[in-house]
Amino acid sequence: MKKTLFLLFILLSFNSFSQKNKCEEDSTLICVPVEIGKKILTDLIDLDRLRQDSLSYIQEIKQLELKIDRKDEIIKGQEDKEKKLNEIIILKDEKYKLVDDENNKLRDDIGKLKIKNTIIEIVAGGIIGGLIYIFAFK
């Protein structure tokens, strides 16, 4: 019994508090004071202007993003070039070091050969002088 009363109460409450459309006509006439109408009109004009401005800003932002992307690509390319040039500079420095080391070794060898040649010339001069002395005075 309690369930049926409860169910009946729920059904009646939904029907009794439901809304019905009493006015079937759609009214396009709105009564608004003149001052408020002017403010609404200025607000709507400002809204249209702001929408156009926002579209132009969005396009400008897209163009700026494209420029930024192109500039980033250029910067990346320049950084790659800089790395390659630094590697070339390092390799040239190593080459110059090797050439300097070889030149120093060759100078040392030339100095040793000069000393060796001088000793050989002195010894050969002594031998030749001795032989000439032996052949000339004997």
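Laid out as a table, the results:
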read-out	value
Those residues of the range 116-138 which are β-branched (Val, Ile, Thr) and exposed (fewer than 10 other Cβ atoms within 10 Å of the Cβ), in sequence order	Ile134
Pairs where the first residue, in the range 112-135, is outside any helix (DSSP H, G or I) and the second is modelled with pLDDT under 90 and of a type in the set (D, E, K, R), C-beta under 8 Å, 6+ apart	none
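The values are calculated or read from the model by the stated rules, or taken from the named source; none is laboratory data. What you see is a predicted model; the values in this text were computed from it and never measured. Every residue, glycine among them, receives a Cβ derived from its backbone with ideal geometry; neighbour counts consider all protein chains shown.
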